[in-house]
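I have placed the structure first, in the form of structure tokens, so that the comments after it can refer back to it.
Quick note: the coordinates plus some simple rules give every number you see, no bench work behind them. Quick caveat, the model's predicted, so the values are computed rather than measured. Cβ atoms come from the backbone with ideal geometry, glycine included; neighbour counts cover every protein chain shown.
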Amino acid sequence: MRDLSTFKGCPVPQPVRLEGRFVVIEPHDREVHLQALWNGLGGMEINPLLTYFTQPDFKGIEDFDAWLTAVQKGGWVTEVFRDKATGQVVGMANFMRPDPANGVVEIGGVAHGPGMSRSPLATEAHYLLARHVFEDLGYRRYEWKCHNENAPSKVTAKRYGFSFEGVFRQHMLSKGKNRDTAWFSMIDGEWPLIRAAFEAWLSPDNFDETGRQRRRLEDLRAELAASST
């Protein structure tokens with residue numbers, strides 16, 4: 001754990017552009033991204049994709065636009081994922097609820113469109129976002145929260161290296177129903193090992209000629225943890 005006697009807090013996350021081998025992360029710009037993001041999330045198929053988001057179902061792109069505008073005015077920083085190979089917008093995530101005085105921020109409103117499936121795009125995007133939070137901004141704690149019934153999101157959080165911390169019962173209402181919220185986090189002291197596993201997984205050596213992974217991210221992280229003890 002770092003010496004906190006001189007900790008002065010962290011900057012509030014701002015829109016940022018980050019680039020990896022597979023993905024470019026761009027700050028959401030309504031004129032540039034709205035239609036492309038709507039399309040990348042499947043058009044009207046966005047509602048099944050966002051089953052566990054709290055807002056009502058969208059009736060069309062106008063509702064999606066209004067929702068994005070509202071959450072950004074409320075403090076979310078929306079980042080858009082673009083596939084470097086195709087140039088297509090394929091997903092998004094948001095920096096949310098920053099607590100810069102204590103060095104805490106959440107990544108949420110995460111939506112991976114069909115173009116991110118069965119590819120390294122999502123893993124690299126979340127590696128780049130976490131690296132920005134810990135190394136560029138100096139945060140101490142990075143949070144991931146989801147509806148407790150959202151099993152895929154919980155699996156994804158654990159795969160990326162977030163630790164499960166518990167369930168906040170009756171945490172909020174979602175689409176007129178109760179939502180129990182599962183909380184996950186990673187902290188700065190864990191980041192070097194998590195980063196090393198991400199980078200080992202993203203290495204070209206970890207993919208065969210068909211683009212399939214040779215080793216799982218979870219296994220790489222476990223081996224690194226074992227070798228450091």
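For region 85-93, 3J(HN,Hα) computed residue by residue from phi via the Karplus equation (6.51, -1.76, 1.60; θ = phi - 60°) reads 6, 10, x, 7, 6, 10, x, 7, 7 Hz, glycine and proline entered as x.
With contacts taken as Cα pairs under 8 Å at a separation of at least 6 residues, the chain carries a relative contact order of 17 percent. Debye-formula intensities of the chain, expressed as log10 I(q)/I(0) at q = 0.07, 0.12 Å⁻¹, are -0.22, -0.68 (one equal scatterer per alpha-carbon, no solvent).
Could you list Arg212, Arg82 in order of exposure, starting from the residue whose Cβ has the fewest other Cβ atoms within 10 Å? The fewest-first ordering by Cβ neighbours comes to Arg212, Arg82.
Once backbone amide H atoms are built at 1.01 Å from N, Asn148 has Asp180, Thr181, Ala182 as its partners under 5 Å, excluding neighbours fewer than 5 places away on the same chain.
May I ask you to derive the FRET efficiency for Arg215 and Val32 from their Cβ-Cβ distance with R0 = 22 Å, giving the value to the nearest 0.05?
E(calc), rounded to 0.05, equals 0.05.
Summarising the amide proton neighbourhood of Ser174: residues at separation of 5 or more, or on other chains, whose placed amide H is nearer than 5 Å comprise Arg179. Taking other C-beta atoms within 10 angstrom as a stand-in for reagent exposure, Thr181, Thr123, Thr54, Thr229 fall in the order Thr229, Thr54, Thr181, Thr123, fewest first. Subtracting the Cα-Cα distance of Lys73 and Asp205 from 0.36 nm times their residue separation leaves 43.3 nm of extension gain. Between Ser119 and Arg2, the contour length at 0.36 nm per residue exceeds the alpha carbon distance by 38.6 nm. In the chain, the DSSP-assigned H stretches of four residues or longer account for a calculated mean residue ellipticity at 222 nm of -9500 deg cm²/dmol, using -39500 (n - 2.57) per stretch and the full residue count as denominator.
For Cys10, nonlocal amide neighbours, meaning residues 5 or more places apart or on other chains whose placed amide H falls under 5 Å from its own, are Ala101, Gly103.
Evaluating 6.51 cos²θ - 1.76 cosθ + 1.60 at θ = phi - 60° for every residue in region 96-102, the Karplus couplings come out as 9, 6, x, 10, x, 4, 9 Hz, glycine and proline recorded as x. List the pairs from Lys8/Lys154; Lys59/Lys158; Lys154/Lys175; Lys73/Lys145 whose alpha-carbon separation is above 29 Å, in the order I gave them. Over 29 Å apart, Cα to Cα: Lys8/Lys154; Lys59/Lys158. Within straight-line reach of Lys177, meaning a Cα separation under 14 Å, sit the following aspartates and glutamates at least 8 residues removed in sequence or on another chain: Asp57, Glu149. Counting other Cβ atoms within 10 Å as a rough exposure proxy, the listed residues Trp191, Trp144, Trp67 run Trp67, Trp191, Trp144 from fewest neighbours to most.
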